[in-house]
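Peer 1: The structure is given below, and queries will be raised subsequently.
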Protein chains: 2
Amino acid sequence: MSLFLQVVSVSKAIEEIRNLAVRCGSETIPLIEALNRILAEDVRSDVDIPGFTRSVVDGYAVRSADTTGSSDTIPSIFPLRGSVAMGASKVHSLRSGECIYVPTGGILPEGADAVVMIEYAEDIGREVLVKKPVAHGENILFFNEDFSSGDVVCKKGQRLSPQDIGVLAAAGCTDVPIVTIPRIGILSTGNELVPVNVHPLPGQVRDVNSYVVASFVREQGCTPVLYGIVRDDRDALRAAISTATAECDAVLISGGSSKDDRDMVAEIIRDRGDVLIHGIAIAPGKPTIIGRVGNKPVIGLPGHPASAFIVLVVIVRYLFAGMTGDMDSRVRSVPARLGQNIPSSRGREDYVRVILQDGIATPLFGKSGLLNTLVKSSGIVRIPAESEGLETGTLVEVMVW
Amino acid sequence: MSLFLQVVSVSKAIEEIRNLAVRCGSETIPLIEALNRILAEDVRSDVDIPGFTRSVVDGYAVRSADTTGSSDTIPSIFPLRGSVAMGASKVHSLRSGECIYVPTGGILPEGADAVVMIEYAEDIGREVLVKKPVAHGENILFFNEDFSSGDVVCKKGQRLSPQDIGVLAAAGCTDVPIVTIPRIGILSTGNELVPVNVHPLPGQVRDVNSYVVASFVREQGCTPVLYGIVRDDRDALRAAISTATAECDAVLISGGSSKDDRDMVAEIIRDRGDVLIHGIAIAPGKPTIIGRVGNKPVIGLPGHPASAFIVLVVIVRYLFAGMTGDMDSRVRSVPARLGQNIPSSRGREDYVRVILQDGIATPLFGKSGLLNTLVKSSGIVRIPAESEGLETGTLVEVMVW
């Protein structure tokens with residue numbers, strides 16, 4: 001192995017990791033359990049929505065033309081021809097000059113084309129005084145105005161929100177075709193690592209990455225499968241990678257933080273498959289490995305949790321999106337003005353932590369290995385590879401956690 | 001009951017709903033399962049982080065003063081006194097003029113105060129040429145620079161992100177005290193409702209609200225408990241509310257979309273407890289009820305799913321936040337410029353759906369009862385009660401879904 005990594009750009013790394021992604025299969029589950037799952041197929045409505053023209057207020061169904069000129073001082077008088085019961089399908093038809101009471105959601109009588117709200121009407125027994133004119137279509141939802149039977153209501157690749165679940169319910173989709181959740185194997189390597197429940201001695205550190213990586217994987221809608229700490233030993237690591245690639249859809253190996261360990265991880269991946277990228281022009285996160293064993297993506301993350309996390313957010317999430325077909329990125333970005341200058345080195349993308357408040361992004365300078373700035377920050381700002389820094393007041397996009 | 005609702009402002013409704021919230025209990029769970037849970041107590045680190053001064057690069061530990069003046073053309077020469085093994089606690093100390101190899105994450109030898117990256121050094125056998133000076137502290141993380149033993153690493157009320165989980169792991173918190181998940185009972189009322197798996201006849205609509213409300217509740221980190229459709233029948237509704245308030249921490253009743261049905265819901269709540277609010281100056285969502293039975297909050301949501309959803313997002317989420325002590329709102333807002341004028345009525349807060357693209361919020365006008373604009377929209381813009389509308393170009397906050 002050479003001393004220096006042959007780094008590639010972040011965009012190249014994202015392209016490679018997208019290409020590696022093998023699309024997951026699909027399955028059908030009850031709609032009520034489908035929140036945040038990825039839709040595997042377009043879903044069409046089995047009915048017209050609404051299925052009948054209905055009132056959206058409590059009021060009196062009328063022909064709108066009959067209300068012309070009505071006012072508080074000179075109300076129009078309408079004989080009241082009954083009322084519509086909720087859920088009833090059979091309703092009297094309405095003749096010109098008459099009105100019928102309709103509750104919110106009730107079916108509009110045939111012959112009517114608008115509803116006068118009760119606030120603008122007065123029931124005086126067998127007649128109703130209408131004190132304000134209504135326009136054609138006012139206070140009603142027309143038959144199939146929302147969706148027609150056969151319309152696509154939700155699209156393949158959508159991550160289902162509560163609103164989407166609602167529309168699928170309206171469309172009669174009680175069992176929903178969704179993408180199978182990818183299983184992501186997680187290994188930590190490094191002779192310095194001890195389990196989190198152990199008090200570390202000098203020279204030792206707790207295996208924080210298993211927790212950070214597993215939680216990120218879960219947040220992205222995948223299932224983490226933990227393989228724990230593997231010693232920096234060629235045979236142990238080879239065996240662990242074999243098991244994990246056999247049992248999972250992709251594998252994330254964190255650590256091997258030193259050059260020798262990283263090289264060992266890369267060599268094992270190369271023995272069993274391909275190393276496509278070893279080194280990315282990103283700070284923090286440079287010593288990242290992107291490879292595959294068989295058709296399973298195997299990613300080598302930096303050893304330090306704070307660096308590994310940036311690589312997960314900026315690059316690895318595209319692997320998961322590629323596997324599930326998720327159309328939305330789950331990292332939201334928010335525009336803001338920089339509160340201070342940020343210097344940077346040309347030739348690599350810097351990701352600088354910021355605190356976002358009132359539209360101002362204030363950089364949290366300091367060593368990238370610190371966890372405290374990671375948890376204090378609202379997100380990160382990208383400094384492009386071709387830039388030597390960004391000045392105070394620059395409009396930036398903050399990728400918020 | 002009077003014909004007109006006595007509406008209160010949105011801020012008053014939020015204040016009342018916060019006051020209603022009874023704080024949930026707490027429990028202890030394994031850290032690996034704690035993503036997105038709310039921390040019930042401050043957590044302190046049981047160790048110094050890092051526990052030893054360590055290198056953050058692969059390189060040569062030196063005394064920084066010894067590197068003064070080093071350059072490509074006139075490198076300094078350092079005798080190599082061995083190397084640090086990962087995880088080793090016993091390390092040679094370093095004397096002035098010497099260097100020791102340290103891998104990333106390795107313990108810094110006593111006597112050293114900086115590390116020269118391998119990229120700026122050349123191993124020529126028993127000696128190393130250093131081609132660039134380093135400053136005191138360069139490329140190292142000092143003992144307890146991140147957190148000191150006893151420091152609070154995560155605070156009570158935090159919703160745990162992957163980064164937070166990482167810091168808790170580093171702090172040795174393998175079992176984490178979190179707030180018990182609230183159980184939220186969900187009822188739908190209305191004679192027009194049919195279960196989602198039924199093909200509705202004219203006059204009937206599917207029970208979309210059970211799905212929308214349950215999914216929103218789950219998204220907010222609570223457990224939905226579904227009681228299904230209850231007929232608009234006083235005894236049935238009274239029995240269902242009794243059961244739900246006995247079994248759950250709060251109850252959401254949607255529908256009773258007509259005035260008579262809403263009044264019946266309000267009367268039953270009043271019989272068994274208090275109705276604090278019946279009617280909010282919000283569009284859509286005016287006929288909302290906020291009450292309690294015993295010490296259990298009972299909320300009456302509008303019957304139409306699109307209206308109910310706005311009330312959940314704008315108001316009811318504060319109930320859940322109050323119950324769990326969640327310090328963060330889960331509705332993110334993003335600043336944007338309005339792409340079109342939005343007219344509005346004084347005296348009520350209007351929530352208008354918008355599509356957000358490239359910093360421009362374009363209103364989706366149309367009837368508030370439509371589901372298709374709800375799923376197409378990126379979020380909502382609030383038009384304050386005292387405003388008659390907002391002009392194109394106004395800077396607004398979009399509450400994004």
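Peer 1: What does the charge dipole of region B:32-77 about its Cα centre add up to, to the nearest 20 debye, if the Cβ of each Lys and Arg holds +1 and the Cβ of each Asp and Glu holds -1? If you can, show how the numbers build up before the last one.
Peer 2: On the way: 4 positive and 8 negative charges, 21 e Å.
Roughly 100 debye, rounded to the nearest 20.
Peer 1: Continuing with this model, one more query. Using only Cα positions of chain B, each an equal point scatterer, no hydration layer, compute I(q)/I(0) via Debye at q = 0.10 Å⁻¹ and quote the log10 values to two decimals.
Peer 2: With one equal scatterer per Cα and no solvent, log10 I(q)/I(0) is -0.76.
Peer 1: Give the value in nm², to one decimal: projected area of the alpha carbon convex hull of region B:97-200, averaged over all directions.
Peer 2: On the way: hull surface 60.8 nm².
Quarter of the Cα hull surface area: 15.2 nm².
Peer 1: Taking every eigenvalue of the Cα gyration tensor of the protein assembly as shown, multiplying by 5 and rooting it, what semi-axes result, largest first, whole Å? Intermediate values should be presented prior to the final figure.
Peer 2: Details: eigenvalues 745, 122, 118 Å².
Each semi-axis is √(5λ); the values are 61, 25, 24 Å.
Peer 1: Under the definition of partner shielding as Cβ atoms of other protein chains within 10 Å of a residue Cβ, what is the mean value for peptide B:88-97?
Peer 2: On the way: counts 6, 6, 2, 2, 0, 0, 0, 0, 0, 0.
Per-residue shielding by partner chains comes out at 2.
Peer 1: If you don't mind, there's one more thing I want to ask. What are the nm distances, shortest first, from B:Arg234 to its equivalents in the other copies, labels at 7 Å along Cα→Cβ?
Peer 2: Copy-to-copy label distances for B:Arg234: 8.5 nm.
Peer 1: If you don't mind, another one. In nm, one decimal, shortest first: how far is the label point of A:Thr68 (7 Å from Cα along Cα to beta carbon) from the matching points in the other copies?
Peer 2: Label-point separations across copies, in nm and ascending: 9.9.
Peer 1: Next question, about the same structure. What does the convex hull of the alpha-carbon atoms of region A:332-400 project to on average, in nm²?
Peer 2: With the hull built on Cα positions only, its mean projection is 4.2 nm².
Peer 1: Identify, among B:His92, B:Ser70, B:Leu141, the residue whose Cα sits farthest towards the positive end of the charge dipole of region B:54-141, taking +1 on the Cβ of Lys and Arg and -1 on the Cβ of Asp and Glu, with the dipole about the Cα centre.
Peer 2: Final value for the positive-end residue is B:His92.
Peer 1: B:Arg332 to B:Ser26: FRET efficiency via 1/(1 + (r/R0)^6), r the Cβ-Cβ distance, R0 25 Å, to the nearest 0.05? Walk me through the numbers on the way to the answer.
Peer 2: Working: r = 27 Å, r/R0 = 1.06.
Computed FRET efficiency for B:Arg332 and B:Ser26: 0.40.
Peer 1: Another question, then. Need one number: the % of Cα-Cα pairs in region B:16-164 sitting beyond the 25 Å mark. Could you put the intermediate results ahead of the total?
Peer 2: Details: 5113 of 11026 pairs.
Value for region B:16-164: 46 percent of Cα pairs lie more than 25 Å apart.
Peer 1: Most mobile of A:Val130, A:Val212, A:Val298 per a Gaussian network model of chain A (Cα springs, under 10 Å)?
Peer 2: The residue with the greatest mean-square fluctuation here is A:Val130.
Peer 1: Between region B:71-133 and region B:280-303, how many Å separate their Cα centres?
Peer 2: 69 Å
Peer 1: My understanding is that a pair violates if its Cα-Cα distance is over 22 Å; which of A:Lys132/B:Lys259; A:Lys156/B:Lys376; A:Lys12/B:Lys132; A:Lys367/B:Lys90; A:Lys131/B:Lys12; A:Lys286/B:Lys155 do that in this structure?
Peer 2: Numbers: A:Lys132/B:Lys259 20 Å; A:Lys156/B:Lys376 15 Å; A:Lys12/B:Lys132 31 Å; A:Lys367/B:Lys90 26 Å; A:Lys131/B:Lys12 32 Å; A:Lys286/B:Lys155 32 Å.
Long pairs (Cα-Cα over 22 Å): A:Lys12/B:Lys132; A:Lys367/B:Lys90; A:Lys131/B:Lys12; A:Lys286/B:Lys155.
Peer 1: To the nearest 20 debye, what is the magnitude of the charge dipole of region A:54-141 about its Cα centre, counting +1 on the Cβ of each Lys and Arg and -1 on the Cβ of each Asp and Glu?
Peer 2: Numbers: 8 positive and 11 negative charges, 50 e Å.
Around 240 debye, computed over region A:54-141.
Peer 1: Moving to a separate point now. Per DSSP H run of n ≥ 4, the term is -39500 (n - 2.57); total these for chain B, divide by its residue number, and report the mean residue ellipticity at 222 nm rounded to 500 deg cm²/dmol. Numbers along the way, then the final one.
Peer 2: Numbers: 8 runs with 80 residues, N = 401.
The helix contribution divided over chain B gives -6000 deg cm²/dmol.
Peer 1: If you wrap a convex hull around the C-alpha atoms of region B:245-382 and split its volume per residue, what is the figure in Å³? Can you show the working numbers first?
Peer 2: Numbers: hull volume 16.7 nm³, N = 138.
Spread over its residues, the Cα hull of region B:245-382 gives 121 Å³ apiece.
Peer 1: Considering the options A:Gly359, A:Ile342, A:Leu374, tell which one lies farthest towards the positive end of the dipole of region A:332-400, charges being +1 on Lys and Arg and -1 on Asp and Glu at the Cβ, about the Cα centre.
Peer 2: Among A:Gly359, A:Ile342, A:Leu374, the one farthest towards the positive end of the dipole of region A:332-400 is A:Leu374.
Peer 1: How far is it, in nm, from the label point at B:Ala236 to the one at A:Arg346 when both lie 7 Å from their Cα along the line to the Cβ?
Peer 2: Here the modelled spin labels are 7.6 nm apart.
Peer 1: Rounding to the nearest 20 debye, state how big the charge dipole of chain B is about its Cα centre with +1 on each Lys and Arg Cβ and -1 on each Asp and Glu Cβ. Mind dumping the intermediate values first?
Peer 2: Numbers: 39 positive and 47 negative charges, 231 e Å.
Using only the charged Cβ atoms, the result is roughly 1100 debye.
Peer 1: Relative to the other copies, what are the label-point distances for B:Ser26, with labels 7 Å from Cα along the C-beta vector, expressed in nm at one decimal and sorted shortest first?
Peer 2: Listed shortest first, these distances are 4.5 nm.
Peer 1: Show me B:38-50, B:335-347, A:52-64 ranked by packing, highest mean number of other Cβ atoms within 10 Å first. Walk me through the numbers on the way to the answer.
Peer 2: Details: B:38-50: 20.2, B:335-347: 15.8, A:52-64: 24.5.
Final packing ranking: A:52-64, B:38-50, B:335-347.
Peer 1: Within region B:111-180, which trypsin sites (Lys or Arg not before Pro) sit in a loop by DSSP and count at most 15 neighbouring Cβ atoms inside 10 Å? List each step's numbers first, then the result.
Peer 2: Working: sites: B:Arg126, B:Lys131, B:Lys155, B:Lys156, B:Arg159; in loops: B:Arg126, B:Lys131, B:Lys155, B:Lys156.
Listed in order of number, the matching sites are B:Arg126, B:Lys155.
Peer 1: Amide H of A:Val57: which non-local residues (sequence gap of 5 or more, or other chain) have their own amide H closer than 5 Å, using H built in the peptide plane?
Peer 2: Answer set, sorted by chain and number: A:Gly105.
Peer 1: Oh, and also: Mind checking Rg over Rh on region B:84-157, alpha carbons, Kirkwood formula for Rh?
Peer 2: 1.08
Since every read-out is calculated from the coordinates, none of them should be taken as a lab result. In this text the structure is predicted, and so the values were computed from the model without any measurement. Here the Cβ is made from the backbone with ideal geometry for all residues, glycine too, and neighbour counts use every protein chain on show.
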